[in-house]
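Everything on this sheet refers to the single structure shown next.
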Amino acid sequence: MNIKELAKKLDLSITTVSRALGGYSDVSEKTREKVKKYALKYQYSPNPYASVLASGKTKTVGYVLPIYGTNSSTLNQGNFFQFISGMSDELLSESIQLQILFAKSENEEIKAYEKLILEQKIENIVLQNIKINDKRIEILNKYKINYVAWGKTKSNINFSWVDLDNFGAIESITNYLIKKNHTHISYINISEKYNFANERKASFLQTLKKNKIEFNKNYYASVKLEEPEKSFEIIRNMINVNKEISSIICSTEFSALSAIKACNDLNLQIGKDISIITFDGPLVRDLSSPPLTAASFPVKELGKRAINILLHKKDKNLNFLAKSKIIERGSVHTVK
């Protein structure tokens, strides 16, 4: 069915039907609901290309997926695709398309955003992997783009975001270990140029202090995801030199796999001789051996919330903070 036939069945003008499906406020709520009901009944879906030609604007949402840095390995892209799945579900209900570009470097990523904005005329964008000082935010503000980010930043720029409660998650993880009598806790972080890495480190230090446990700099390391072999060596050397370490917190799934390899190399039985806890995802949930206890959070829900905020926010800035819960899988032991 086309829009002309649908309008005829509703005894409404084509313009009214179009604006009702577009969610315009000059059409009453009662009429909008009636039009949506009929559109569903007769399986009518607006043609997004026709809409662009008619209005000169696109309702497409743009997203650039980096395939470098924290996302350089296909094994580490599971969470991103869960997030994209959540976005897609929400966009499907709104009959809006998702345009994804890929970037192999920071320079390519900046060019990809400029392409979305200047060439494809996209006015709605979702960001991810927010850095402490993020050039992308400056670009989006410069061109007055409507955007929402997966992650926060330390800058004074206010913008809408969705994120995991990183501070609360690490606090829960650290307290979980302390309740099991762990006091020699090591922490494997990712590069502190990412804001979430700083939030997690700050929470770790604060939680240790609250529990009157002195921070040992020899128990802390920051590794790069794109260097798994180096991560393995760093973790192996750390626990080999500091034999009193009883548990390892891994800030990412990737470093958790390196930690498993390091413990196996040193003949340490995970869940008995040493404990490992990390953040949940397809790597540790489905592929790690042994399965790892992890802090789980609703990545798909973050994607849905991001689109909901992006398309429907009435206030300038709206945020959503997701809480995590610890899923026990036997990789954390109680110190006797």
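The values are calculated or read from the model by the stated rules, or taken from the named source; none is laboratory data. Everything quoted here is computed from the prediction, not taken from an experiment. FYI the Cβ positions are ideal-geometry reconstructions off the backbone, even for glycines, and counts take in every protein chain you see. Just so you know, the surface numbers come from the protein's heavy atoms only, side chains and all, with ligands and any DNA or RNA stripped out. Shrake-Rupley method; radii C 1.70, N 1.55, O 1.52, S 1.80 Å.
Quick notes
- Global geometry of the stretch 198-271, whether rounded, prolate or oblate, following the gyration tensor of its Cα atoms and the 1.5 cut on a/c: oblate
- Helix content alone sets the calculated 222 nm mean residue ellipticity of the chain: runs of n ≥ 4 DSSP H residues at -39500 (n - 2.57) each, divided across all residues, give -13000 deg cm²/dmol.
- Checking every one of the trypsin sites (Lys or Arg not before Pro) in the stretch 235-295 against DSSP loop status and a limit of 12 other Cβ atoms within 10 Å picks out Lys243, Lys272.
- With all protein chains kept in place, the per residue accessible area of the stretch 199-270 amounts to 51 square angstrom at a probe of 1.4 angstrom.
- Spacing of the two label points (7 Å from each Cα toward its C-beta) at His312 and Asp265, in nm: 5.0
- Whole-Å distance, taken between Cα centres, linking the stretch 71-147 and the stretch 276-336: 20
- Among Thr293, Thr60, Thr15, the largest mean-square fluctuation in a Gaussian network model of the chain, built with springs joining Cα atoms closer than 10 Å, belongs to Thr15.
- Cα long-axis angle, helix 253-265 against the chain (0 to 90 degrees, to the nearest 10): 20
- Of all DSSP beta bridges in the chain, antiparallel share, percent nearest 5: 10
- Listed residues Glu94, Glu119, Glu109, most fluctuating in the chain (Gaussian network, C-alpha, under 10 Å): Glu119
- Contour excess over end-to-end distance, with Cα ends at Leu98 and Glu301 and 0.36 nm allotted per residue: 71.4 nm
- Net lengthening on full extension, Glu138/Ile14 (0.36 nm per residue, minus Cα-Cα): 40.6 nm
- Difference of contour (0.36 nm per residue) and Cα-Cα distance, Lys115 to Glu33: 25.9 nm
- Neighbour-limited loop hits for chymotrypsin sites (Phe, Trp or Tyr not before Pro), the stretch 191-281 (at most 15 other Cβ within 10 Å; DSSP other than H, G, I, E, B): Phe215
- Cα-based helix-to-principal-axis angle, 195-210 vs the chain, degrees rounded to 10: 40
- Percent accessible area from carbon and sulfur atoms, the chain, protein chains only, probe 1.4 Å: 49
- Label selected from (i) 34, 25, 19; (ii) 40, 36, 17; (iii) 46, 20, 17, the criterion being semi-axes √(5λ) of the Cα gyration tensor in Å as computed here: (iii)
- With Cα atoms, 0 to 90° folded angle of helix 29-41 axis to the chain main axis: 80
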